[in-house]
Amino acid sequence: MGLAINVKEYETAAFGVYRFELDRNLSGMAHERYASLDDVIFDRPPDRLARLLLERGGVRHVHVYGNEVTVKIDPGTTTDGIAELIQSLFIHYREGVLPSIQPE
């Protein structure tokens, strides 16, 4: 269930900062900023994504505004796997995961 998010990755002029453009909004008109897992307070889509990215490791800062996600990574780290994490944010039923409603 759920649809994959289409993601385009762009390198910015700032060293270690990457921008991901999504085909749907994750937040409203507020800027959502996360520098650590302590900043993830709620369970909204931008919060879930920030948690996933920060738990991944190598991510120093996450900023979400509408359909734009900006990620600052640690030196020596790559963005490998970040686009896939974003794409699968709303995929609920994955291989090995049972649906929440079981047939009788």
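Observations on the model:
- Exactly one residue among 73, 82, 91, 101 is at pLDDT below 95, among the β-branched types (Val, Ile, Thr) and open to solvent by less than 50 Å² (accessible area, probe 1.4 Å), and that residue is 91.
- Taken over segment 1-20, the criterion of being surrounded by 13 or more Cβ atoms within 10 Å (Cβ to Cβ) and within 19 Å of residue 90 (Cα to Cα) is satisfied by 4, 5, 7, 9, 20.
- Selection from segment 1-11 of residues that are part of a strand (DSSP E or B) and touching a residue at least 60 places away in the same chain (Cβ under 8 Å): 7, 9
- Evaluation of residue 56 against (1) open to solvent by 70 Å² or more (accessible area, probe 1.4 Å); (2) touching a residue at least 40 places away in the same chain (Cβ under 8 Å) (one fails), failing number: (2)
- The residues of segment 2-53 that are touching a His at 6+ places or on another chain (Cβ under 6 Å) and on the phi < 0 side of the Ramachandran plot, listed by number, are 33, 35.
- Filtering 35, 30 for residues that are of a type in the set (Gly, Ala, Ser) and closer than 17 Å to residue 71 by Cβ leaves a single hit, 35.
The values are calculated or read from the model by the stated rules, or taken from the named source; none is laboratory data. Bear in mind that the values here come from a model prediction, so they are computed numbers and not experimental data. Counting neighbours? That spans all protein chains shown, and the Cβs are built from the backbone with ideal geometry, glycine included. Please note that ligands, DNA and RNA were not included when accessible areas were found on the heavy atoms of the full protein model with its side chains. Shrake-Rupley method; radii C 1.70, N 1.55, O 1.52, S 1.80 Å.
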